[in-house]
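The values are calculated or read from the model by the stated rules, or taken from the named source; none is laboratory data. All values reported here derive from a predicted model rather than from experimental measurement. Every residue, glycine as well, gets a Cβ built from its backbone with ideal geometry; the counts of neighbours run over all protein chains shown. Only protein heavy atoms, including side chains, enter the accessible area calculation; ligands, DNA and RNA are left aside. Shrake-Rupley method; radii C 1.70, N 1.55, O 1.52, S 1.80 Å.
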Amino acid sequence: MDLSSLEIFLAVAEEGSVTRAARRLARAPSNVTTRIQALEGQMDAVLFSRDGKRMTLTTEGQTFLSYAKRLTALAGEAQLALKGIRPQPVLRLGTMESTAASRLPPVLARFNEQNPDIALKLTLGATRELTKAVLSGDLDCALIATPQGEPGWLSSAGPDAGDLHSARVYEEDLLLVLPPHHASVEVPQDIRLPALAALEPGCTYRQIAERWMRAGANLPTVEMTSYHAILAQVIAGNAVGVMPRSVLDMLPWNKEVTIHRLGLVDTLLISRRQQRSDPLQAFEQVMLMSANPPAMLQ
């Protein structure tokens, strides 16, 4: 296979359309279609599912995607090497918003101090999307949440979830947050509010809260864009919110709410077992030392 075929494949995968990919690459749509068909013939696999003009990656296409990205990146490195230019190492890190706010600042400062030559690219997202991005090769590693004592939680990421390496770095106390004068809550039926305020559907914290609610308080979920917005809904008496204690402690009015503990949730640093680069291992070492300082390890 040649590099131009890989670039065409990646463009179609990202755009989901031959027409848009052709426009992006300044090629005729017929040329893009022909090159994709030739690549499929060469790989002896159907890489795209075609639904009208929409192109969606098949299972084989998803598998090939990470290899195509690595091959094109390696080709770029080779070109720089031939010109005598050493490419700057890059670590693509994904993280949940809660971890970015409450845990990461001192870790990133220490990592940058110890590894000034490594560029860090940070992406915010929910656990489900971050896990998929690591599996597809779009991220080198990610900080995600899993309920403590539920090792099979990541299996929902797909059949490739077994390829993930994980290291436990933090333990979060997950809370339901209620208005200040709400009666104490022991079971879902005790909640006297019209909705649950949470982040996007791929958020583990939201999924845990919704699962708990289904036992007797089947409330609709109102999707919010930030923890500040969740707390505002709670203070206004419009909803019960869900967030880790580490985030609640950082927010204004945190003493003016009633809480109910949902349990402990682990924060894991995940990566592909076969793609553990030097920058990734350097970051993992800094993160583990930050989460478990030497005095705690003795």
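Residues in the stretch 95-120 that are in contact (Cβ under 8 Å) with a residue 60 or more places away in the chain, part of a loop (DSSP other than H, G, I, E, B) and among the acidic types (Asp, Glu): none. Scanning the stretch 35-63 for residues that are open to solvent by less than 80 Å² (accessible area, probe 1.4 Å) and closer than 16 Å to residue 2 by Cα yields a total of 7.
Listed here are the residues, each with its yes/no results for (1) of a type in the set (Val, Ile, Thr); (2) out of contact with any Asp or Glu (no Cβ under 7 Å at 6 or more places or on another chain).
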| site | (1), (2) |
| --- | --- |
| 139 | no, yes |
| 146 | yes, no |
| 162 | no, yes |
| 174 | no, yes |
| 204 | yes, yes |
| 212 | no, yes |
| 225 | yes, yes |
| 232 | no, yes |
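Okay, residues lined up against (1) among the aliphatic types (A, V, I, L, M); (2) closer than 18 Å to residue 133 by Cα; (3) more than 24 Å from the chain's Cα centre (by Cα); (4) modelled with pLDDT of 90 or more:
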| site | (1), (2), (3), (4) |
| --- | --- |
| 1 | yes, no, yes, no |
| 12 | yes, yes, no, yes |
| 28 | yes, no, yes, yes |
| 31 | no, no, yes, yes |
| 38 | yes, no, yes, yes |
| 66 | no, yes, no, no |
| 71 | yes, yes, no, no |
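The listed residues are 4, 66, and the only one of them that is free of Cβ contacts under 8 Å to residues at least 60 places away in the same chain and either open to solvent by 20 Å² or more (accessible area, probe 1.4 Å) or in a helix (DSSP H, G or I) (or both) turns out to be 4.
Listed by position, the strands (runs of 3 or more DSSP E) inside the stretch 216-294 whose residues that are under 18 Å from residue 96 (Cβ atoms), within 20 Å of the chain's Cα centre (by Cα) and touching a residue at least 40 places away in the same chain (Cβ under 8 Å) number at least 1 are 240-244, 258-272. Might you let me know whether the stretch 87-107 holds any residue that is loosely packed, with under 14 Cβ neighbours inside 10 Å and more than 30 Å from residue 250 (Cβ to Cβ)? Yes, the stretch 87-107 contains a residue that is loosely packed, with under 14 Cβ neighbours inside 10 Å and more than 30 Å from residue 250 (Cβ to Cβ). Residues being of a type in the set (D, E, K, R) and either in contact with a Ser or Thr (Cβ under 7 Å, 6 or more places away or on another chain) or modelled with pLDDT of 90 or more (or both) are represented in the stretch 73-94 by at least one member.
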